[in-house]
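As C-alpha cells, the structure follows; a few thoughts come after it.
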Amino acid sequence: MLLNDRVCVITGAASARGIGKATARLFATYGARIAVLDLDAGQAEEAARDIGPGHIGLACNVTDRAACDRAAEEIVARLGRIDVLVNNAGITQPLKIMEIAPENYDAVTDVNLRGTLYMSQAVIPGMRGQGSGAIVCMSSVSAQRGGGIFGGPHYSAAKGGVLGLAKAMARELGPDGIRVNSVTPGLIQTDITGGKLTPELKVEIAKGIPLGRLGVADDVAKACLFLASDLSAYITGAVIDVNGGMLIH
C-alpha cells in the first residue's frame, strides 16, 4: 500500500467536511497511521476515532511553537516516528484591502503561514534523523491569481508566503531526504465555503471552470496522497494545482 505503516500528521483535520479530514481518511485507507491535530482535543480525538482504530487525535495550536513541539513529541512517543506532515490548518476572511485591520492580518497570517513554519520546524529534526520525510503545504489558487475567491488580500498574501516557504524548505531539506511540496486548491466545497455557495452561485461559478464543476475535499486529498507517497519520490519544490482549470498558467 502507498503509505503502509507510515505515520502521517495532518493539521486542522477535525472538521467533518474539511480537506484535512478527507486527507486523513484517504491516507488511512492506504495504510497510514494518522495523527489528527486541531485546536480542540475532543474534536481531534473524535475525528481520529471516526477514521478507525490505531489513529490518534491531539490538540495543537499551530501558531504556538511550543505546542507544535509538544504535539510532535507525543506523536513520536505514541506512534514511533513521523513520516509525513500535511500543513492543512488555515483560516480565511472575506475582507477588502481597506477593511484589513492589524488583528485581521495577524490572525490570517499566523495560522496559514506561521503555523506552516512552526509545525514544519517541529517535525524536521525527526525526519532528518531518519533520513526521510514528506511535507505537504496547503496554499491556494488565491495566491496565484490575486484573490477574487472568498479570502481577502491578506489571505492571498499568507498563502503566497506558504508557496515561498515551501520552496525554500525544499531546497534546504532535499539533502536530508525530506521532500516539500505545495497544493493549490481552487474553489472547494468545504465547511469554510459551504455557507456562501448558493445553488445559483455554484452554477455560475462552474461556467468558468473547464471541468465544469466545483471541487470537493477528496480532489485535494488525492493530490496530497500523491505528494506524500513514493509516487512522487523525485518531486520536491513543486506546486500541484487542484482547481479544475479555473487557473491555467
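Coordinate-derived values only; no laboratory data. These numbers were taken from a predicted model, which means no experiment stands behind them. Positions of Cβ are backbone-derived with ideal geometry, glycine not excepted, and every protein chain shown enters the neighbour counts.
Please give the length that would be gained between Lys202 and Asp218 if that part of the chain were fully extended, namely 0.36 nm times their separation in residues minus their C-alpha to C-alpha distance (nm, one decimal).
Values: separation 16, 0.36 × 16 = 5.76 nm, distance 1.80 nm.
Result: 4.0 nm gained on full extension.
Extension gain, Met1 to Ile248, is 85.7 nm, computed as 0.36 nm per intervening residue step minus the present C-alpha separation. Using a Gaussian network model of the chain in which every pair of alpha carbons under 10 angstrom is joined by a spring, one finds that among Ile235, Ile97, Ile188 the greatest mean-square fluctuation is at Ile97.
Which peptide among 74-81, 23-30, 89-96 comes first, and what is the full order, when sorted by highest mean count of other Cβ atoms within 10 Å? Could you put the intermediate results ahead of the total?
On the way: 74-81: 15.1, 23-30: 21.9, 89-96: 17.4.
Final packing ranking: 23-30, 89-96, 74-81.
Can you tell me how the range 114-188 classifies by the Cα gyration tensor, rounded, prolate or oblate, using a/c under 1.5 as the rounded cut?
Verdict is prolate for the range 114-188.
Between Arg179 and Gly133, Ala134, Ile135, the built amide H atoms are under 5 Å apart, and every one of these is 5 or more places off in sequence or on another chain.
With a cut-off of 8 Å between alpha carbons and a minimum separation of six or more residues, what is the relative contact order of the range 7-240 in percent?
On the way: 459 pairs, mean separation 47.1, N = 234.
Computed value for the range 7-240: 20 percent relative contact order.
Summarising the amide proton neighbourhood of Ile240: residues at separation of 5 or more, or on other chains, whose placed amide H is nearer than 5 Å comprise Ser182, Val183, Thr184. Only Lys, Arg, Asp and Glu carry charge here, each on its Cβ (+1 for the first two, -1 for the last two); on that basis the chain has a dipole of about 520 debye about its Cα centre.
Comparing Met98, Met127, Met138 in a Gaussian network model of the chain (Cα springs below 10 Å), the most mobile by mean-square fluctuation is Met98. Each of Gly161, Ala77, Ser182 was scored by the projection of its Cα onto the charge dipole of the range 7-240, and the greatest displacement toward the positive side belongs to Ser182; charges sit on the C-beta of Lys, Arg, Asp and Glu.
Just the number, please: Stokes-Einstein D of the range 31-114 in µm²/s, Kirkwood Rh from C-alpha pairs, 20 °C, 1.002 mPa s. Show your work: numbers first, answer last.
On the way: Rh = 14.3 Å.
Answer, rounded: 150 µm²/s.
In plain terms, the residue of Ser120, Ser15 with the fewest other Cβ atoms within 10 Å comes first and the most crowded comes last, giving Ser15, Ser120. Ellipticity at 222 nm from helices only: DSSP H runs of n ≥ 4 in the chain, each -39500 (n - 2.57), divided by the residue count, give -13500 deg cm²/dmol.
Return Lys159, Lys222, Lys21 ranked ascending by Cβ neighbour count within 10 Å, so the fewest neighbours appear first.
On the way: Lys159 29, Lys222 13, Lys21 25.
Fewest-to-most Cβ neighbours within 10 Å comes out as Lys222, Lys21, Lys159.
Separation of the range 187-249 and the range 72-135, taken as the distance between their Cα centroids, equals 20 angstrom.
Rounded, prolate or oblate: which one fits the range 1-60, using the alpha carbon gyration tensor with axes a ≥ b ≥ c (rounded when a/c is under 1.5, else prolate when a/b beats b/c, else oblate)? Prolate, because a/c is 1.5 or more and a/b exceeds b/c. For the range 91-249, what class follows from the C-alpha gyration tensor (a ≥ b ≥ c being the square roots of its eigenvalues): rounded when a/c is under 1.5, otherwise prolate if a/b is larger than b/c, else oblate? It comes out oblate by the Cα gyration axes.
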